[in-house]
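Trainee: This is the structure I have questions about; it appears just below.
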Amino acid sequence: MLVHSIVNKPDDLVFDANRAFRCCLLCGDVYQNEQDRLPHDKYTPEIQYLTSIAREEWARNHAKEHTIKEHEDFRMSMRFCTPTAATKLVPLGIAPVSDMVLSDEHRLAALEAPRLSTQEVQS
Ligand SMILES: [Zn+2]
């Protein structure tokens, strides 16, 4: 049985950007299954398969939260993500580097994104 967890707050330190996740490049919501953070020796191919299905399901359902026009406008922008998404993704360690180089709006969004307190980070 998979346990789902949705992380969409920059201060939620459960998220691990080094493990499998999906994120919305329009709004910056992030999904990571709790089992995707299992130690590597317990991260079996079966669990990887099941969590990949969960990520796809989340992405498919989440995409419906945005209008067709939002999807089309984003696709036409040729950007990695929107500035709104950059504001939420940068604090989680997901940096849209190409957008930050090519777009002032993205660079400002990334600079103004809230920072995580290093004192709260668990190791
Ligand atoms: Zn979204």
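The values are calculated or read from the model by the stated rules, or taken from the named source; none is laboratory data. Remember, predicted model here, so these are calculated numbers, not experimental data. Glycine gets a Cβ as well: all are built from the backbone with ideal geometry, and neighbour counts include every protein chain shown.
Trainee: Six or more apart or on different chains, Cβ under 9 Å: which pairs go from a residue in the range 58-83 that's surrounded by fewer than 12 Cβ atoms within 10 Å (Cβ to Cβ) to one that's among the charged types (D, E, K, R) and outside any helix (DSSP H, G or I)? Could you list them?
Mentor: Every condition considered, the pairs that remain are GLU65/ASP29.
Trainee: I've got another one for you. How do the pairs read when you match residues in the range 24-37 that are in contact (Cβ under 8 Å) with a residue 60 or more places away in the chain and at negative phi with residues anywhere that are of a type in the set (Gly, Ala, Ser) and within 8 Å of the ligand (Cβ to nearest atom), using Cβ under 7 Å and keeping only pairs 6 or more apart or on different chains?
Mentor: Note: pairs meeting the criteria are CYS24/ALA85; LEU25/ALA85; CYS27/ALA85.
Trainee: Let me ask something else about it. Would you call ASP41 among the charged types (D, E, K, R) and either under 26 Å from VAL97 (Cβ atoms) or at pLDDT below 90 (or both)?
Mentor: Judged against the criteria, ASP41 is not a match.
Trainee: Only one of these conditions is not met by ALA54: (1) modelled with pLDDT under 90; (2) part of a helix (DSSP H, G or I); (3) away from the ligand (no atom under 16 Å from the Cβ). Which number is it?
Mentor: Just one mismatch for ALA54, condition (1).
Trainee: Limited to the range 58-70, what total is found for residues that are farther than 25 Å from GLU112 by Cβ, out of contact with any His (no Cβ under 9 Å at 6 or more places or on another chain) and of a type outside the set (S, T, N, Q)?
Mentor: 5
Trainee: How about the range 74-85: which of its residues are assigned to a helix (DSSP H, G or I) and away from the ligand (no atom under 13 Å from the Cβ)?
Mentor: Listed by number, the residues that qualify are ARG75, MET76, SER77, PRO83.
Trainee: Out of HIS71, HIS66, which single residue is in a helix (DSSP H, G or I) and either at pLDDT below 90 or within 11 Å of the ligand (Cβ to nearest atom) (or both)?
Mentor: Going through HIS71, HIS66 in turn, the sole match is HIS71.
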